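Here is the structure we will look at, set down as structure tokens.
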Amino acid sequence: MIRILKLYGTLIGFALIIVLFSVLLPGTFLTSGNLINISQQISMLAVVAFTMTIVMVMNDFDLSVGSMASLAGVTAAVLFSLGYPVYVGVAAALLVGLLGGVFNGVLVSLVGILPFVATLGTLTMFSGLAFLVSGGRTIFGRDIPSEFSGFARSGVPLDSVGLDGLKLPFLSLVALVVLAVVWFVLEQTTYGRRLYAIGGNKEAARLAGVRVKSLRLSAFALTGLGAAIAGLMYSSRVASANPTQGSGLMLDAIAAVFLGMTMSEEGEPRVQHTLVGVLILGVLDNGLTQLAVDSYIREIMVGAIVITAVAFSSITKQGR
């Protein structure tokens, strides 16, 4: 029974949350439209959490993903406001995310700064750059091209599956693609196996011939790229960009990964388990919003979830 609770306790808790909101919100919660809405709401968090899993596989952290998402979003928006085409703004934002991730990787893997300290510093740097690039203002309205903002409002029609008038949002599809790519990289490639080896024991992995420094650097680069993608998704969804728009992503992404780790017998991050963590946070947020619960209550709950998940993962590892 204890082993079952360790492996499936998170899923059981998720099911109980769904049952609770279904009872409290019988006419609105478990509807096709609301479920599709949830998939769109969590898509940005999902992309950040999935790519965050890559560095957390190595027992590292990236605290700068939220500010990086903001920086990427305002970079694209500023270029749009200067008259550049959509593909230039998107490419520049992705390049900024990639370079920011590489910078984090250099600090951690080559310079040797602890990930917590390094990414805490770059969190502040990227946030400041976002304010500098945007001039401290929100960029919206006619400065955002309709083809860019229209991406978030479009989707694949679901008429063929009996859901007339509903669409699967493109943002949800982007999150699914990122999930598939990260799953393949971590679970089906030598690269992913080596990342898990680094997370198990860095020194043993190095002695076994694994290029620890270059792999850690590349993992942070991928996480920075994921944050930039999320920043673009957010800007497209709200048809604007501001230097603080990604501030809440970091804590939620870490919470989602730790929630997923409670589902692993080894206490290791798995991107498919991270998906469950993202769904829990998304469903919780959607249900509390419909119940008109104050936002600070959700913040308290997310903090409690992080502490519980980390404690559970630590206890599991100590037991092994």
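The values are calculated or read from the model by the stated rules, or taken from the named source; none is laboratory data. Predicted model only: the values in this text are computed from it and were never measured. With ideal geometry, Cβ positions are generated from the backbone for all residues, glycine too; neighbour counts draw on all protein chains shown. Side chains included, ligands, DNA and RNA excluded: accessible areas come from the protein's heavy atoms. Shrake-Rupley method; radii C 1.70, N 1.55, O 1.52, S 1.80 Å.
Have a look at Ile113, Ile297, Ile139 and tell me which one the Gaussian network model of the chain (Cα, springs below 10 Å) gives the largest fluctuation.
Of Ile113, Ile297, Ile139, the most mobile in the Gaussian network model is Ile297.
So what is the accessible area of the stretch 97-223 per residue, in Å², with the probe set to 1.4 Å?
I get 55 Å² per residue for this part.
Considering the dipole of the chain built from charges on the beta carbon (Lys and Arg +1, Asp and Glu -1) around the Cα centre, which of Phe50, Phe184, Phe151 is farthest to its positive end?
The listed residue farthest towards the positive side: Phe184.
Across the stretch 51-104, how large is the tail of the calculated P(r) beyond 16 Å, expressed as a percent of all Cα pairs?
45 percent
Along Cα→Cβ, 7 Å out, is where each label goes; now give me the distance between the ones at Ser154 and Glu187 in nm to one decimal.
Spacing of the two 7 Å Cα→Cβ label points: 3.1 nm.
Quick check for me: using +1 on Lys/Arg Cβ and -1 on Asp/Glu Cβ, what's the dipole size of the chain about its Cα centre, in debye to the nearest 20?
Roughly 680 debye for the chain.
Based on the mean of other beta carbon atoms within 10 Å per residue, what is the order of 98-110, 167-179, most packed first?
Highest to lowest by the protection proxy: 98-110, 167-179.
Which order, highest average first, do 260-269, 51-60 follow once you tally other Cβ atoms within 10 Å for each residue and take the mean per peptide?
51-60, 260-269
For the charge dipole of the chain, defined by +1 on Lys and Arg C-beta atoms and -1 on Asp and Glu C-beta atoms about the Cα centroid, which residue among Phe103, Ile18, Gln41 has the Cα displaced farthest towards the positive pole?
With unit charges placed on the Cβ atoms, the residue in question is Phe103.
How large, in percent, is the carbon and sulfur part of the accessible surface of the stretch 9-314 at a probe radius of 1.4 Å?
With neighbouring chains kept in place, the figure for the stretch 9-314 is 68 percent.
What is the list of residues in the stretch 213-237 whose amide nitrogen lies under 20 Å from a point 7 angstrom out from the Cα of Lys202, following Cα to Cβ?
The answer is 213-224, whose backbone nitrogens lie closer than 20 Å to the label point.
For the stretch 153-210 and the stretch 1-64, write down the distance between their C-alpha centroids in whole Å.
The distance from the Cα centre of the stretch 153-210 to that of the stretch 1-64 comes to 16 Å.
Can you pull the one-decimal nm distance between simple spin-label points at Thr124 and Arg211, each 7 Å off the Cα toward Cβ?
Placing both labels 7 Å along Cα→Cβ, they lie 3.4 nm apart.
Tell me, in nm to one decimal, what length is gained between Val238 and Lys167 on full extension, where the rule is 0.36 nm per residue of separation less the Cα-Cα distance?
Gain on extension, Val238 to Lys167, equals 23.8 nm.
Roughly what would the spin-label model give for Arg137 and Val88, points 7 Å off Cα along C-beta, in nm?
2.0 nm
Mean residue ellipticity at 222 nm from the helices of the chain, using -39,500 (n - 2.57) per DSSP H segment of n ≥ 4 over the full residue count, to the nearest 500 deg cm²/dmol?
Rounded to the nearest 500, the figure is -24500 deg cm²/dmol.
Quick one: divide the alpha-carbon radius of gyration of the stretch 1-93 by 2.2 N^0.38 Å and tell me what you get.
Normalised Rg, Cα atoms only: 1.59.
For the chain, list log₁₀ I(q)/I(0) at each q in 0.06, 0.10 Å⁻¹, using the Debye formula over Cα point scatterers of equal strength and ignoring solvent, two decimals each.
Each listed q maps to, in turn, -0.21, -0.58.
What size of dipole, in debye to the nearest 20, comes out for the stretch 95-230 about its Cα centre when the only charges are +1 on Lys and Arg C-beta atoms and -1 on Asp and Glu C-beta atoms?
For this selection, approximately 560 debye.
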